[in-house]
Amino acid sequence: MGHDDARHGAKQPERFDATRAHVLDDKERFAYVDPVLIADLLAPALGARADGARATLVDFGTGTGTYALELAKRFPAVAVLALDEQPEMLAKLGAKPEFATLPNLRAIEPPALAELAGCVDAVLALNVLHELGDDALRSLVALLRPDGLALVIDWSADVERPVGPPNDHVYGAAAARERLQAFGLRAAPVGGFPYHHAFLARR
Ligand SMILES: C[S@@+](CC[C@H](N)C(=O)[O-])C[C@H]1O[C@@H](n2cnc3c(N)ncnc32)[C@H](O)[C@@H]1O
């Protein structure tokens, strides 16, 4: 399958340029995408499980793992799986000194997804919906346990922004929600992100 075929359905079918990975490490992002707010939104899905198993969170399209690191620190009892399709992005995460200090954080590549299907308590997809082809979005939804939660946050085409991709590369809130619903997710909007739309979504 060609690269563009694999990304069919994405608003921005070009792969994220790994030479721009440094922009993902700019902590100024935290002013408008607060990792504490993200953790608070995910927390209800990451408590102790009735079956006694450790809760699992997948950061789908983790990039350099900026947010996966924050979440692994906030939830030491949760297995945080930082997923990216570009091994060079995961290498940048692995090279961060903090990575080695967090035994609950692991970097994974897409072949690992099959055995996680139906086993994941929560998924974070930050700044990635516009890059996900239909197959990838289907595999994201398939990860969730029946009561699992996906937090999908992406740049909004509805607002003028001084940062982020051009508006014609991303979705407006209504189109994003429709796309999530078309893939079997009930998506409830949440606020708190001035340049992004955000949805708490369940199967
Ligand atoms: C714009 S970056 C956002 C990274 C991170 N979520 C953040 O906000 O710091 C998007 C990342 O998603 C990854 N990605 C895109 N499609 C993917 C897919 N189908 N599976 C796994 N990773 C994907 C890209 O390689 C890139 O590293």
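Using a probe radius of 1.4 angstrom, the carbon and sulfur fraction of the accessible surface of the chain is 55%. GNM remark for the chain: springs join alpha carbons under 10 Å apart, and the peak mean-square fluctuation among ALA95, ALA68, ALA82 falls on ALA95. Scalar couplings 3J(HN,Hα) for the stretch 158-170, obtained by applying the Karplus form with A = 6.51, B = -1.76, C = 1.60 to θ = phi - 60°, are 8, 10, 6, 10, x, 9, x, x, x, 4, 7, 9, 10 Hz; x denotes Gly and Pro.
Put simply, the amide H of THR62, placed in the peptide plane, has neighbours under 5 Å in LEU83, ASP84, leaving out anything fewer than 5 places away on its chain.
Considering only PRO103, PRO111, PRO13, the mean-square fluctuation computed in a Gaussian network model of the chain, springs between alpha carbons under 10 angstrom, is largest for PRO111. Modelled spin-label separation between ALA112 and HIS8, with each label point placed 7 Å from Cα along the Cα-to-Cβ direction: 2.9 nm. Residues whose amide H lies under 5 Å from that of ALA107, counting only those 5 or more places away or on a different chain, are ALA82; hydrogens are built 1.01 Å from N in the peptide plane.
Based on alpha-carbon centroids, what's the gap between the stretch 1-54 and the stretch 162-203 in Å, whole number please? If you average the Cα positions of each part, the centres end up 13 Å apart.
Per-residue ellipticity at 222 nm for the chain, helices alone: DSSP H runs ≥ 4 residues times -39500 (n - 2.57), over residue total, nearest 500 deg cm²/dmol? Intermediate values should be presented prior to the final figure.
On the way: 7 runs with 53 residues, N = 203.
Calculated from helices alone, the mean residue ellipticity at 222 nm is -7000 deg cm²/dmol.
Between GLY52, GLY164, GLY184, find the one with the highest GNM mean-square fluctuation for the chain; connect C-alpha pairs within less than 10 Å. The residue with the greatest mean-square fluctuation here is GLY52. Once you keep just the Cα pairs under 8 angstrom separated by 6 or more residues, what percentage relative contact order results for the stretch 142-203? So the answer I get is 44 percent. Residue-wise HN-Hα couplings along the stretch 187-192, as the Karplus relation 6.51 cos²θ - 1.76 cosθ + 1.60 with θ = phi - 60° gives them from phi, are 10, 9, x, 10, x, x Hz; Gly and Pro carry x. Rg/Rh for the chain (Cα atoms only, Rh after Kirkwood) is 0.93.
For TRP155, the residues whose amide H sits under 5 Å from its own are ASN127, ignoring neighbours fewer than 5 places away on the same chain, with H placed 1.01 Å from N. The HN-Hα couplings worked out from phi for the stretch 57-68 by the Karplus form 6.51 cos²θ - 1.76 cosθ + 1.60 (θ = phi - 60°) are 10, 10, 8, 7, x, 6, x, 8, x, 3, 7, 4 Hz, whole numbers, x standing for Gly and Pro. Here the stretch 21-105 is described by how far its Cα atoms reach on the three principal axes: 40, 27, 22 Å, from widest to narrowest. Computed over protein heavy atoms with a 1.4 Å probe, the accessible surface of the chain works out to 46 Å² per residue.
The values are calculated or read from the model by the stated rules, or taken from the named source; none is laboratory data. This is a predicted model, so every value here is computed, not measured. Because the Cβ atoms are built from the backbone with ideal geometry, glycine has one as well, and the counts that use them run over all protein chains shown. Note: areas computed on protein heavy atoms with side chains; ligands, DNA, RNA excluded. Shrake-Rupley method; radii C 1.70, N 1.55, O 1.52, S 1.80 Å.
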